[in-house]
Amino acid sequence: MIAKAKARSRAAELLAFFQSKGAQAVEADILQPANVLLDLYGEDIRARAYVTSDALRGEQMLRPDFTVPVVQMHMEHGAEPARYTYAGVVFRRQEADISRPSEFMQVGYELFERENQAMADAEVFCLFQEALSPLDLRAATGDMGILIAAVRGLSTTDRRKSALLRHIWRPRRFRALLERFSGKIKPPASRVALLQAEDAMQDASPLIGLRSRNEIITRIDALKAEAETPPISKSESFILDDILNLREKSPMVLERLRDISVDMPALSPAVERLDARLNAMAAKGINVDALDFEGSYGRTTLEYYDGFVFGFYAESRPDLPAVASGGRYDALSRVLGQGRSIPAVGGVIRPELVLELEGQA
Amino acid sequence: MTIKLGVPSKGRLMEKTFDWFGKRGIGLRRTGSDREYAAAVDGVKGVELVLLSASEIPRELAAGRIHLGVTGSDLVREKLAAWDSQVEEVELMGFGHADLIIAVPKCWVDVDLLEDLDAAAAMFRNTHGFRMRIATKYHRQVREFLRAQGVADYQLVDSQGATEGTVKHETAELVADITSSGETLRANHLKILTDGLVHKSQATLFRSRKAQMSDQERLSLAEILKKIS
């Protein structure tokens, strides 16, 4: 009970800090319509969020984060640019590790800004750095936009690119697809047989279910086209590996990516965005020479970050998850905005972890 | 006090369990009338037989209200989170075989593997505007399996019976269900994906990791384990 009260008041302090930096405090419903979250994250979210229901509204979820409701609220009636802050409990279903809390507080800051995205990234990162500065945390950063740009820049079919992009947050399936597309793994025997059959649809009867004959034929045609597409070149799949394995201080990464974009010019705009961000951060007093960058960072979180990603970790406490984390999620507003979209970046702090590190929990 | 052994209260599963223990020198039998759930144990001291529905045995083991329990390995995986931290597999008993599998319409000639299913699911969502529906009552196992295999753009719809009929009735596009011979699947024009085996289930003797034991109960348990091993 006392711990909860302390967490609440620490959260209020952090909220006040973000308000003092110009953010408007907002609230969100605890019960969120399940279908929005399910459509966004897929069935996996059921393993991570509590689902409940009633006879009128159907399935509801106890909010697993604030980002989705805040984006929805902004898309409905927000002015631009906008800065929001919030503090409240989120709920996470735990199925594997009983020591992890199933409810904890988050204090967040979200910035919706169309004009200068490098400045916006730097603003959010610096605010989190400032709020957490007494704790002496290690900052981890990455940029999903680099990997996404590299996939888009491959000299191969759009169908392959969208298959890879669809699984960019599922490293195993992404790897399997990449190996298939670059000819490292042979196509499965059943597919070879299907494509060699004189009349592939001969056995397709009786037709049952909603998936139509046309849909089956469309997929077979796609498989045929795929089989005739030359493999992704060795040098291009090396580029993807290179990016995924990057793990250096930011200036070194920038230099490396500049080298890579000589071979893949499509990467340049994303690399220039990284450069602009580092400059904006340096201008705000961040020592970017010491800032870690990981090419794979952000790939295993909830799948909506598509640009800059960051997290703050206590190096003395490797048992704790990130004390704060965030990133850019431009595509999320497009999914939730029904045709409209606005670039956005934000993050959350976990006040219980802050207290624990401050020795007060 | 006694060691509590939970056994399915009816049907073939109960009879086969009684046979299995009988062959190992532990006599289990029901006492009283057919309708009364009373039972006795011969051949080993300090053991009490508890007759329960097979689907309740995982829960009772996890709560530590029974020390040993016989049930399908699929039920333990379905009903318990992080099941192997709560119960331990003592013996696979060699009966009650059933496979939890993923099956699609036979007419889907383009879908043989989970990677095909994943690709078809993406196209289906684009065409129909909703995620492909999988009818099942084994939500946890199917979800964990598909996540590990990297299949996306599906949804699970609950089906507590006649699951194989859901495709024809267009309330689901495919099913994840238990099968032993595959007969019902074939009759409903479904085929099992080549790599669509989620879990190979059989009747299994489990030991609770949670149940408290006195020294005397420990001795009884050791005696049972010696007889059956």
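The values are calculated or read from the model by the stated rules, or taken from the named source; none is laboratory data. None of the values given here were measured: they were computed from a predicted structure. All Cβ positions, even for glycine, are placed from backbone atoms using ideal geometry, and neighbour counts span all protein chains on display.
Residue count for region B:198-212 under the criterion of being closer than 19 Å to B:HIS97 by Cβ, polar (S, T, N, Q) and surrounded by fewer than 19 Cβ atoms within 10 Å (Cβ to Cβ): the result is 1.
If you check B:GLU88, B:GLU144 for being surrounded by fewer than 24 Cβ atoms within 10 Å (Cβ to Cβ) and either part of a strand (DSSP E or B) or away from chain A (no Cβ under 12 Å) (or both), only one passes: B:GLU88.
Of all residues in region A:313-351, those satisfying the criterion of being in contact with a Lys or Arg (Cβ under 9 Å, 6 or more places away or on another chain), outside any strand (DSSP E or B) and within 19 Å of A:LEU291 (Cα to Cα) are A:ALA314, A:GLU315, A:ALA322, A:VAL323.
Mind listing whichever residues of region B:147-197 are buried (at least 20 other Cβ atoms within 10 Å of the Cβ) and on the phi > 0 side of the Ramachandran plot? The answer is B:ASP153, and nothing else.
Mind checking which residues of region A:247-283 are in contact with a Gly (Cβ under 7 Å, 6 or more places away or on another chain) and either in a helix (DSSP H, G or I) or closer than 16 Å to A:GLY307 by Cα (or both)? Passing the criteria: A:ALA266, A:LEU267, A:ALA270, A:ARG273. With a requirement of 2 or more residues that are in contact (Cβ under 8 Å) with a residue 60 or more places away in the chain, the helices (runs of 4 or more DSSP H) lying completely within region A:144-212 that satisfy it span A:144-152, A:158-166, A:171-181. For region B:88-114, what are the residues that are over 27 Å from B:SER181 (Cβ atoms) and not aliphatic (A, V, I, L, M)? Correct list: B:GLU88 only. Quick one: in region A:140-188, of everything that is surrounded by fewer than 16 Cβ atoms within 10 Å (Cβ to Cβ) and within 9 Å of chain B (Cβ to nearest Cβ), which residue is modelled with the highest pLDDT? Only one residue tops the list, namely A:SER162. From the list A:PHE66, A:PHE91, the one residue that fits, being aromatic (Phe, Trp, Tyr), closer than 17 Å to A:LEU336 by Cα and within 22 Å of the chain's Cα centre (by Cα), is A:PHE66. Among the numbered conditions (1) of a type in the set (Ser, Thr, Tyr); (2) more than 14 Å from chain A (Cβ to nearest Cβ); (3) within 23 Å of the chain's Cα centre (by Cα), the only one that B:SER214 does not meet is (3). Note on region B:19-50: among residues that are assigned to a helix (DSSP H, G or I) and surrounded by fewer than 19 Cβ atoms within 10 Å (Cβ to Cβ), the one that is nearest to the chain's Cα centre (by Cα) is B:ASP19. If you go through region A:213-241 and keep only what is facing chain B (nearest Cβ under 10 Å) and either surrounded by 13 or more Cβ atoms within 10 Å (Cβ to Cβ) or among the aromatic types (Phe, Trp, Tyr) (or both), you end up with A:GLU215, A:ILE216, A:ILE217, A:THR218, A:ARG219, A:ILE220, A:ALA222, A:LEU223, A:GLU226. On inspection, B:VAL104 qualifies as at the interface with chain A (Cβ under 10 Å from one of its Cβ atoms), under 22 Å from A:ARG191 (Cα atoms), touching a residue at least 60 places away in the same chain (Cβ under 8 Å) and not in a loop (DSSP other than H, G, I, E, B).
Between A:LEU132, A:LEU195, A:LEU127, A:LEU137, the distinction of being more than 8 Å from every other protein chain (Cβ to nearest Cβ), surrounded by 15 or more Cβ atoms within 10 Å (Cβ to Cβ), hydrophobic (A, V, I, L, M, F, W, C) and in contact with a helix residue (DSSP H, G or I) (Cβ under 6 Å, 6 or more places away or on another chain) belongs to A:LEU195 only. Looking across region B:213-229 at every residue that is part of a helix (DSSP H, G or I) and in contact with a strand residue (DSSP E or B) (Cβ under 8 Å, 6 or more places away or on another chain), the one that is surrounded by the fewest Cβ atoms within 10 Å (Cβ to Cβ) is identified as B:LEU225. Mind listing just one residue for me: the one in region A:83-124 that is polar (S, T, N, Q) and crowded, with 17+ Cβ neighbours inside 10 Å and, of those, nearest to A:VAL309 (Cα to Cα)? Here the residue is A:GLN117. Output yes when any residue across region A:115-131 is modelled with pLDDT of 95 or more, in contact with a His (Cβ under 9 Å, 6 or more places away or on another chain), in the same structural domain as A:VAL348 (by TED's automatic domain parsing) and under 14 Å from A:ALA82 (Cα atoms), and no when none is. No. Annotation: of all residues in region B:126-138 being under 14 Å from B:LEU156 (Cα atoms) and not β-branched (Val, Ile, Thr), the one that is farthest from the other protein chains (Cβ to nearest Cβ) is B:LYS137. Residues satisfying the criterion are present in region B:147-165 (criterion: of a type outside the set (Phe, Trp, Tyr), in a helix (DSSP H, G or I) and at the interface with chain A (Cβ under 9 Å from one of its Cβ atoms)). Among the residues of region A:40-82, those identified as within 14 Å of chain B (Cβ to nearest Cβ) and of a type in the set (Ser, Thr, Tyr) are A:TYR41, A:TYR50, A:SER53. Contact map, region A:89-113: residues that are outside the structural domain of A:ASP65 (by TED's automatic domain parsing) and within 17 Å of A:ASP319 (Cα to Cα) paired with residues that are buried (at least 22 other Cβ atoms within 10 Å of the Cβ) and modelled with pLDDT of 95 or more, Cβ distance under 6 Å, separation 6+ or inter-chain. No pairs are found.
One residue alone among B:LEU80, B:LEU68 is crowded, with 20+ Cβ neighbours inside 10 Å, out of contact with any His (no Cβ under 9 Å at 6 or more places or on another chain) and in the same structural domain as B:TRP20 (by TED's automatic domain parsing), and that residue is B:LEU68.
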